[in-house]
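For reference, the structure is listed below as structure tokens.
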Amino acid sequence: MRLRRWLPGLLACAVLLVAVAGAQPPGQPGSSAAGQPSPRRVWTVLTTSGSQPLPVVVVNGREYVSAPTLTSVFGVVLREDRAGGLVLTMGSRTVVVSLTQGLASVDGRVVSLPAAPVRQGSSWLLPVDVIERALAPGSSPRIDVRRRSSLIVVGSLTVPAVTGRSEPLATGTRITFAVAPAADPTVVHDDGRLLVRFAADALDADVAGIGTSQVLTGARVAPPATIELGLGAAFASYRAAEQREGGQLLLTIDILAATPTAPTPEPTGPAGEAATGQAPLDTPPLLPESTGLRTIVIDPGHGGTEQGARGPSGTLEKNVALAVARQLKAAIEARLGLRVLLTRSADETVALDARAAFANNNKADLFISLHANASVRSSVTGAEVFYVSLGEYGNASRASAAEPGAVLPALGGGERVVDLILWEMAQAQHLNESARLARLIEAEMRARVPMSPRAIQQAPFRVLVGANMPAVLVEMGFITNPTEEKRLNTPDYQSQVVNAIVSAVVGFKASRDRVGAPLATQQQDPP
Ligand SMILES: [Zn+2]
């Protein structure tokens, strides 16, 4: 069964973030003395023909807009009603605002306002909310009030909500932007800044969550649609990745410092490609020192209280995974003489992060996770081989960031809390090799067992992202299909799967051995 339950959760979380930020009242500190109107700030009204300021005054900590401003900006006609109300007419719409209570009637429907109008000389000040609550709903052209950025968007303009935040990396700072709706970004390094430009008319941006660090001096919005990131003295390189999901864009920018602790620091260019700033945690060599295979970690999926998928006849994924893993270990040891470790050798619960950590701490050269697939449609069949998708990189980072640090076993005993993002970067280093191993396994399996129409796939499997070595996940078949459930239980099918993986490992090892010792620090990807 696939291990991506966390994905919907984090998307919901991201959406919620935007929603909550959007619903926030404007900042209230520093308001004027009671009853004394004072100029405060200027909202901006954006239309298809340009932008204009909307002056706002603050009374008792509340923002008000003057009647003449409503007239000049929105064409609202005001008159005082003898019955004790202010009548606003905008096109065919009639709004009656109570002069004594925070209430208005919009075409006969009552809406609340935070306060009643305030008289200013011969005119009136109305709570600025009157625009959002009374004038905007159902208006044509559309009026869209974006409180947090003090923007009023009139007509069909592209003004995505952009929420930025930063978090520390071992050697720099990660910035994530949640952009809804998605707008194409470009990131340009220019004169001590990174310019993050979005294909939009304007931005409803909140960059208050972006702090400062040695590589980052701050963030500011540069109208119309750019966010400027100031680069600190320690800046060496950056890299950006984007992910789209549900109409939203998640843009991740890692701003990296030169690694002062590296004994022979490689010069890194300004472009993201050259970035080498990710310091590993317990596993110093990011790139293999030697290409030979010595240790393989086999990961039987699930276990203990975590049963995985269940077949129609009651077969449990965790049991199939363990049975095949034991045979695979014996076969690799016997035929290749390699050290093979299992992340679990019994029916026990093992956390996902602990599995990759186990492989890392044992300096494994390959990580192979074994599973049986599940589908809501029992007709779905066939084996599939997965490796990690970098496309989900931003997402996975968010998921990690949303959780407390994972407690992972440390070299030399004990445990430590680890930032999962760094583990994810580890797998990114091995993507080519993971893909190559996946292709080899897929080809060997195809010769022996029925494959799914999508036999090789990429997915952001959490169990793989933390592995600092080539890593794949094999779905040996659909346990939810009655025929495949039976098959998964037979010694013959299990040994076909084992033989396929052993053959693939033999092929992988042979190519590694051919490449041999002269390999320096360059990653290679043989054709
Ligand atoms: Zn599974």
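The values are calculated or read from the model by the stated rules, or taken from the named source; none is laboratory data. Everything numeric here is computed off the predicted structure, so don't read it as measured data. A quick note on method: Cβ atoms are made from the backbone with ideal geometry, for glycine too, and the neighbour counts reach across all protein chains shown. Surface accessibility is based on the protein's heavy atoms, side chains included, excluding ligands, DNA and RNA. Shrake-Rupley method; radii C 1.70, N 1.55, O 1.52, S 1.80 Å.
Per residue, the accessible area of region 53-192 comes to 42 Å², computed with a 1.4 Å probe over protein heavy atoms only. Amide hydrogen proximity for N373: with H placed 1.01 Å from N in the peptide plane, the residues at 5 or more positions away or on another chain lying under 5 Å are M476, G477, F478, I479.
The solvent-accessible area of Y238, taken with every protein chain present and a 1.4 Å probe, is close to 30 Å².
Expressed as a whole percent, the accessible area of region 91-192 that falls on carbon and sulfur atoms is 50 (1.4 Å probe).
Label sites at T349 and E333, each approximated as a point 7 angstrom past Cα along Cα to Cβ, lie 2.8 nm apart. Expressed as a whole percent, the accessible surface of region 288-337 that belongs to carbon and sulfur atoms is 47, based on a 1.4 Å probe. 3J(HN,Hα) couplings calculated from phi for region 167-178 with the Karplus curve 6.51 cos²θ - 1.76 cosθ + 1.60 (θ = phi - 60°) are, in sequence order, 8, x, 10, 4, 10, x, 9, 9, 10, 10, 10, 9 Hz; Gly and Pro show x.
Provide the packing ranking of 242-253, 110-121, 217-228, i.e. peptides ordered by the mean count of other C-beta atoms within 10 Å per residue, highest first. The partial results should precede the final answer.
Numbers: 242-253: 18.8, 110-121: 14.8, 217-228: 17.1.
In decreasing order of mean packing, 242-253, 110-121, 217-228 become 242-253, 217-228, 110-121.
Centre-to-centre separation between the Cα atoms of region 100-117 and those of region 41-69: 19 Å.
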